[in-house]
Amino acid sequence: MRRIGNNIRISINKLTVSYNDHGPEDAPVIIFIHGFPFNKSMWDVQVDALKDNYRVIAYDIRGHGNSDPGIDDFFIELFVNDLLRLMEKLGIEKSILCGLSLGGYIALNAVLKFPKRFDALILNDTQCIADTPEIKENRCLAIIRIMKKGVEQYADESIINLFALQSFIKKQNVITAVKEMILNTPKQTLCNTLHALAERRDICNQLQEIDIPVLIMVGKEDKITPIAAAQQMHEKIRDSTLKIIPHAGHVTNLENPTAFKFQLVKFLELVGKKSFCLSDTGGN
């Protein structure tokens, strides 16, 4: 029996996962996957905007938010497996995926590995490439600093790179909320996820295999996964749509929720029309 609300807990893969579930039972399903080191609350505005017309699910990746870390080493493949097990537990055969940063990379890998389980894909401030040796080294140094000095310094360093300049002037409440998410992420989870990010594979050459509608959004001032990274994915994913979100850095949905919502809803409406046309013409 479906449970509706926030912070619902469910057991998958020998750990407890926390998720929010809203919207009509028979509506198209959209699953939101948060970035690192955030949690599902980063999608609250989008969930609220879509829940009248979609079944909207946002969940905490293992170790983040209110989800348990489990005992396994963190790898992208493990995050993908968690997603599929969650869908199975909730009785979701197919869904639309929307992921930001690490969440986008999980979504990309899920679509590539299980293409028949997804109807559309929204990629936000993410990329398909693996870490360069320099970035891997920086992640290793970050792990050492976190273990020695704790999370506060890492949170301060992260905030500097996450946001557009304008956000530091006009979005102080958002910056405070994001910093709180980072500070509330366990030290071991931060280190385990940094390791998973450092070890992720380059999947750029597989993107031509994607055969569902894809929307790519990127903040105009994203320093972590810049416009060039979004453009690279756009060029490789057939018929994908690329939108650059103004007045935003790496967390577009929080920095410019109005522009983000406009592009998201426009894309979903187009996907719905395409789905309707396909079912309408294929009925006889």
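Worth a mention:
- From the list 159, 175, the one residue that fits, being of a type in the set (A, V, I, L, M, F, W, C), over 26 Å from residue 233 (Cα atoms), in contact with a helix residue (DSSP H, G or I) (Cβ under 7 Å, 6 or more places away or on another chain) and free of Cβ contacts under 8 Å to residues at least 24 places away in the same chain, is 175.
- Any hit, region 212-222, residues being out of contact with any strand residue (DSSP E or B) (no Cβ under 9 Å at 6 or more places or on another chain) and surrounded by fewer than 22 Cβ atoms within 10 Å (Cβ to Cβ): yes
Per-residue answers, yes or no, for (1) within 21 Å of the chain's Cα centre (by Cα); (2) among the aliphatic types (A, V, I, L, M):
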position: 169; (1), (2): no, yes
position: 172; (1), (2): no, no
position: 185; (1), (2): yes, no
position: 190; (1), (2): yes, yes
position: 193; (1), (2): yes, no
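- Subset of region 207-254 [among the basic types (Lys, Arg) and assigned to a helix (DSSP H, G or I)]: 236
- Selection count, region 218-253, where residues are touching a helix residue (DSSP H, G or I) at 6+ places or on another chain (Cβ under 8 Å) and not basic (Lys, Arg): 21
- The criterion of being within 19 Å of residue 232 (Cα to Cα) and either of a type in the set (D, E, K, R) or over 15 Å from the mean Cα position of the chain (by Cα) (or both) holds for residue 125.
Read-outs: derived from the displayed coordinates by stated rules, not from any lab. Only a predicted model underlies this, so the values are computations on that prediction, with no experimental measurement involved. No Cβ is skipped: glycine too gets one built from the backbone with ideal geometry, and neighbour counts run over all protein chains shown.
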